[in-house]
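See below for the structure under consideration.
The values are calculated or read from the model by the stated rules, or taken from the named source; none is laboratory data. Quick caveat: nothing in here was measured; it's all calculated off a predicted structure. Heads up, the Cβs are rebuilt from the backbone with ideal geometry, glycines too, and the neighbour counts pull from every protein chain shown.
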Amino acid sequence: MDDAISYFLKTQEDATFALHCALDPNRVGVAGHSRGGGAALLVNTARTDGANVKAYIGFQPVDPEFAPGAPTPPSKVPMFDRPALWLDSGNDGDVTYPNTAMIYADTRGKASHVTILGSKHTFTLDTPYPDQGGPTATITPDEHRRVCQYYAVPFLRAYVRDAAPAARTSTSSPDRAASASPPP
């Protein structure tokens, strides 16, 4: 991910690049799902490419300090110092409770933790949706994604685009919460 941030910031200088001059190095957020969520936590926040990584979103992330291939001994996780949104699935059969809650507890910056009740790990990005165990889902993949958007979009607006409000909360979404009308 470090290399990807540097690549896009450098490549945007090319007039033929689709994102030519569209990326603001002072408004960078990182996010990832599952093992990608663990990898995103390791993005270096002390950067030489001019990027200011302002926030992190983890969609059912693994703990990068204990995942296969993790540095030994475990290293300091840079993103724990940035505002973070932690989203996990109540019926996750892969990254099971309390993994995300335990990582959330290590956050040193502002953070929110949301458990999407009735949801499965694979509903975030995997298609088709392989069953990785755990209880049967009680919401649909589309409902899961709507709940993720409901929380992620305002979080990114607050911490990447605008000034960050001071808040640290933990909540569980009600079962079938995605049927509520999320903001546009």
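For the subset of segment 134-158 comprising residues that are of a type in the set (G, A, S) and touching a helix residue (DSSP H, G or I) at 6+ places or on another chain (Cβ under 9 Å), which member is modelled with the lowest pLDDT? I'd like the intermediate steps shown before the answer.
Taking segment 134-158 first, the residues of a type in the set (G, A, S) are 134, 137, 152, 158.
Subset that is touching a helix residue (DSSP H, G or I) at 6+ places or on another chain (Cβ under 9 Å): 134, 137.
Details: G134: 83, A137: 92.
Among them, the one singled out is G134.
So which of G38, G29, G58 is surrounded by fewer than 23 Cβ atoms within 10 Å (Cβ to Cβ) and either assigned to a helix (DSSP H, G or I) or not polar (S, T, N, Q) (or both)? Reasoning before the result, please.
Details: G38 fails: surrounded by fewer than 23 Cβ atoms within 10 Å (Cβ to Cβ); G58 fails: surrounded by fewer than 23 Cβ atoms within 10 Å (Cβ to Cβ).
It is G29.
Let's see how each residue does on (1) more than 21 Å from A158 (Cα to Cα); (2) modelled with pLDDT of 85 or more:
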| position | (1), (2) |
| --- | --- |
| G37 | no, yes |
| A40 | no, yes |
| D49 | yes, yes |
| D63 | yes, no |
| P71 | yes, no |
| N91 | yes, yes |
| A105 | yes, no |
| K120 | yes, yes |
From the residues in segment 1-13 that are more than 19 Å from T107 (Cβ to Cβ) and in contact with a strand residue (DSSP E or B) (Cβ under 9 Å, 6 or more places away or on another chain), which one is surrounded by the most Cβ atoms within 10 Å (Cβ to Cβ)? I5
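Would segment 14-22 turn up any residue that is surrounded by 15 or more Cβ atoms within 10 Å (Cβ to Cβ) and at negative phi? Show your work before the answer.
Applying the first criterion (surrounded by 15 or more Cβ atoms within 10 Å (Cβ to Cβ)) to segment 14-22 yields none.
No; the residues of segment 14-22 include none that is surrounded by 15 or more Cβ atoms within 10 Å (Cβ to Cβ) and at negative phi.
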A careful count of residues in segment 96-137 that are closer than 22 Å to Y150 by Cβ, of a type in the set (K, R) and surrounded by fewer than 22 Cβ atoms within 10 Å (Cβ to Cβ) gives 1
Of the conditions (1) in a loop (DSSP other than H, G, I, E, B); (2) of a type outside the set (V, I, T); (3) under 23 Å from T45 (Cβ atoms), G118 fails just one. Which one is it? (3)
